[in-house]
1. Modelling each spin label as a point 7 Å along the Cα-to-Cβ direction, I'd like the A:Tyr24/B:Asp23 distance in nm, to one decimal.
2. Excluding B:Gln164 itself, calculate the net charge of residues whose Cβ lies under 9 Å from the Cβ of B:Gln164, where each Lys or Arg counts +1 and each Asp or Glu counts -1.
3. What average number of partner chain Cβ atoms lie no more than 10 Å from the Cβ of the residues making up A:93-99?
4. Is it possible to state the helix-based mean residue ellipticity at 222 nm for the protein assembly as shown, with each DSSP H run of 4+ residues giving -39500 (n - 2.57), the sum divided by total residues, to the nearest 500 deg cm²/dmol? What is it?
5. If one computes P(r) from the Cα atoms of the protein assembly as shown, what percent of pairs lie at distances over 58 Å?
6. How many Cβ atoms of partner chains, on average, are near each residue of A:208-214 if near means within 10 Å of its Cβ?
7. Just to be sure I understand the curve: with the Debye formula and one point per C-alpha of the range A:8-106, what is log10 I(q)/I(0) at q = 0.12, 0.16, 0.18, 0.19 Å⁻¹?
8. Using a Gaussian network model of chain C whose springs link C-alpha atoms within less than 10 Å, name the residue from C:Gly33, C:Gly224, C:Gly146 with the highest mean-square fluctuation.
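Readers should treat all values here as calculations from the given coordinates under stated rules, not as data from a laboratory. These numbers were taken from a predicted model, which means no experiment stands behind them. We place every Cβ from the backbone using ideal geometry, glycine too, and count neighbours over all the protein chains shown.
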Amino acid sequence: MSVKMSKKAKSDPTEITASGLADYLGCPHSGEGGVKLTGFAGLETAGPGDLVCLVNLRLAEKLDKTGASAAVVPADFSLKPEGLTLIYSDNPHLSFIKAVSLFFAPLRPPVGVHPTSVISPTAKIAPNASVGAFCCIGDEAEISEGAVLFPLVSVYPLAKIGAQTVLHSHVSIREGVEIGRRVTIHNGAVIGADGFGYIQDSEGRHIKIPQAGGVIIEDDVEIGANTTIDRAALERTVIRQGTKIDNLVMIAHNVSIGRHVILAAQSGVAGSTRLGDRVFLGGQVGIVDHADIGDGAMINAKSGVTKSLPPGAMVSGNPHLEIHTWRKAHRSLPKLYDLLKEFNRLKKRVEELEAKASKD
Amino acid sequence: MSVKMSKKAKSDPTEITASGLADYLGCPHSGEGGVKLTGFAGLETAGPGDLVCLVNLRLAEKLDKTGASAAVVPADFSLKPEGLTLIYSDNPHLSFIKAVSLFFAPLRPPVGVHPTSVISPTAKIAPNASVGAFCCIGDEAEISEGAVLFPLVSVYPLAKIGAQTVLHSHVSIREGVEIGRRVTIHNGAVIGADGFGYIQDSEGRHIKIPQAGGVIIEDDVEIGANTTIDRAALERTVIRQGTKIDNLVMIAHNVSIGRHVILAAQSGVAGSTRLGDRVFLGGQVGIVDHADIGDGAMINAKSGVTKSLPPGAMVSGNPHLEIHTWRKAHRSLPKLYDLLKEFNRLKKRVEELEAKASKD
Amino acid sequence: MSVKMSKKAKSDPTEITASGLADYLGCPHSGEGGVKLTGFAGLETAGPGDLVCLVNLRLAEKLDKTGASAAVVPADFSLKPEGLTLIYSDNPHLSFIKAVSLFFAPLRPPVGVHPTSVISPTAKIAPNASVGAFCCIGDEAEISEGAVLFPLVSVYPLAKIGAQTVLHSHVSIREGVEIGRRVTIHNGAVIGADGFGYIQDSEGRHIKIPQAGGVIIEDDVEIGANTTIDRAALERTVIRQGTKIDNLVMIAHNVSIGRHVILAAQSGVAGSTRLGDRVFLGGQVGIVDHADIGDGAMINAKSGVTKSLPPGAMVSGNPHLEIHTWRKAHRSLPKLYDLLKEFNRLKKRVEELEAKASKD
């Protein structure tokens, strides 16, 4: 699928030459510099006018067959596929992303408040914000400049939405939640629902602990579809700057997530746990409550982390083990069944030797 | 609970006789053919006028006590419970389902566009489609004949909804997503949110890879509540014909799911992975990215599949093992603790034998 | 963060003295009884006028440094931090929760039906219910006295919402679902979507089993954000009184959950399984279909329960093991790799002994 600027961005479709793009990226190029670029695509589906990117050198042979007009390649790339203009970059993927932003802009609705939306008279909406149809914005809520609310978004009273932040359809922002700037929240995510806290009374009933705290989402965070981030009981659940959260993730009350953290889909972090900066969680990970996960820890998909981890830890499994220990253990596990049988045989042989030795 | 046709379907409630139903199903019957059937129920709660179904022969004795008027039974069923008309079928469950469709039709709202909905002037809505209250349909979106949108559905620009497809409340269909015919999508599902892709810059910040691709859902797919299917980065995420997806499932960007696949609840498939036809995933399964899962592979609940699987593979565990190997390993696991102790004891006995032997 | 009554409850902010509060709680106190309390907070962030609670005696030293005016402490607490009024309770956490309810009331919208909402003429709405903007209420649905629907809630035909029940934005209540009194359902939860049931026809296609049953949610249940509870095929999926369900939980069709059960986030219960009273599920647990989980069973986070459990069972792991067995097995697992190597060495030594013995 080739993405053309005229089709997607819909704003003054322009062309750029391959040499013009190379200059823009600050990169050298080889081959025909005057070829016009109008879009981008994957190696196998690209056509004339498309820019492609070679990230993985094992795919280099696909450059020979691509229909694209130009390719971003590693700086030391030595092949010269015929008829293809090459742009050389120290970080081809990053240069490609920069180039793509010339052709592709994510869908944005027009500025202004749709007349169907219901806005509290005490809410503040910046004049250049965009509020789609059927949005509800509660008392004293604030929507800052350039913020975008797609249709059917619910913003409860006292919530604050930062500048340039984008909320997709069916997002719920609960009372008093504070969202920073340039945050993107995908459809159906729920920020600030009550934390899950009860204590049992003498008859075994669960009495709700009031969830009176809040949530703070800092700048440049992205939050996936149908993810839920609960409000704290007394303080605030915090997601720090630049952290990226995938779909269907659960962040419990009073959790604190550091900067530039990655949380892959369907992961869960239990109450009051703290993640440092640049922590990485694979998909379907679970982390116990009240744990402290050090900066840069890497947690393999599907792990169950049962206690705190030092900075830089690499773990896997449930309960988690250091990752090399886990790999060795699980490589060994299928041999356990035979080992048990062999052990019993060996024991008999030892017994026979003992019997023999005692006779001697 | 007995479901009566007059209550649910609300469209000209009619009766059918047991013999009439047997004819309709192309099945022989025994017992009173003239008994009138007006609904269906489970064996234990059925009353007069109800049809029941015996799928599991171990429940045959319940037929004696059922209050039902007729039962669909296996073709070779030999008992004759008194007062119960029996309809004999080679596939009783399938025949029962056909019969039930005479009594029960899922809830459908009236044809036409509710006046509160906000429809772009460039969207195309088929005249016999049904669009409920507070739906939002974006520029150049298409809603085909017989499609049903329950209230509060969000269809972004350029999306296409096929004929007879049903979208329940709070579904989000993102820009450019293409949905086939006779697809059912349950409440809160999100189709086409951005894939989760970033590359790190030199300062460790996560730079977003534009998610400019799309999603294609083919005909006869069913998608569960709050499931999320992400758009591809460049190409298209694809769900092929007849595949059934349960609730809270995560399908990442660029994934391709084959025909007639079953994905049980809370499963996740990571980016660019390909599933063949008739693959079966139990609940809470996770599959690694860039893997190739062969046709007909069966993946046990809660498995973590860490690499590609051949057609017909049967696996379980995390990391996955062939299922019999996994069963033997996990039957053995509780014996490991004692084995370690016994091994040390045996080692000592061998040492003693060695000491004795060296003295000799 | 200190929560002040004037800020949150917004209803006649009043003060209470520490001695007045102690009387209200039926607890003795020490220190200055006349100090005025205006809110509550955590130990570390409290300021003048705040009430705090000491649940964990290991945090007792923090009482010396807190800025709070009063603290609820265990009945046998012996320290007397200067300037702090102490209220003595046999159950400090429960007393604190009672006190907090004087200062903090969860956000509630005004009584009445918002004029934008679309209500079927055959629906019954109690005069003192609250129905927010853009709610849709279907034919013959019932909303009882004191019930609260936040904006953008979808209630399908024939559904019943009990007195004082609260539905947050983007909740879907499907056709015929019955919800009891004082239930809270957080944003995006879906109650009564179709259960996931198919049978294969002779060509391997999945034919849908009609999901014609219902869902009953009893009184005092709480359901987390984006959780899904499916309707039964023929009977009813049931959640009994006082049960608390966290976010992103999946309850399949025909499941029956007992009283005062706790289901932590991202857990899943497969079809037709029955949970007794006071069962506890940690996060990300999965339970197989058609199982019977006895009263008071405790299931550790991330477990995969593969068959029925007796009352009071305590299990962990996938497949589940009795919890102590599981702990011993997983403490032993990292030693398996070395054990396999050592075993082979020992076998050789036994062979040598045997060779020697046969020579003798």
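1. Once both label points are built, they end up 7.3 nm from each other.
2. +1
3. Partner Cβ neighbours, averaged per residue: 3.
4. Values: 18 runs with 186 residues, N = 1080.
Calculated from helices alone, the mean residue ellipticity at 222 nm is -5000 deg cm²/dmol.
5. Working: 104569 of 582660 pairs.
Roughly 18 percent, rounded to a whole number.
6. 6
7. At q = 0.12, 0.16, 0.18, 0.19 Å⁻¹ the computed log10 ratios are -0.32, -0.57, -0.73, -0.82.
8. C:Gly33
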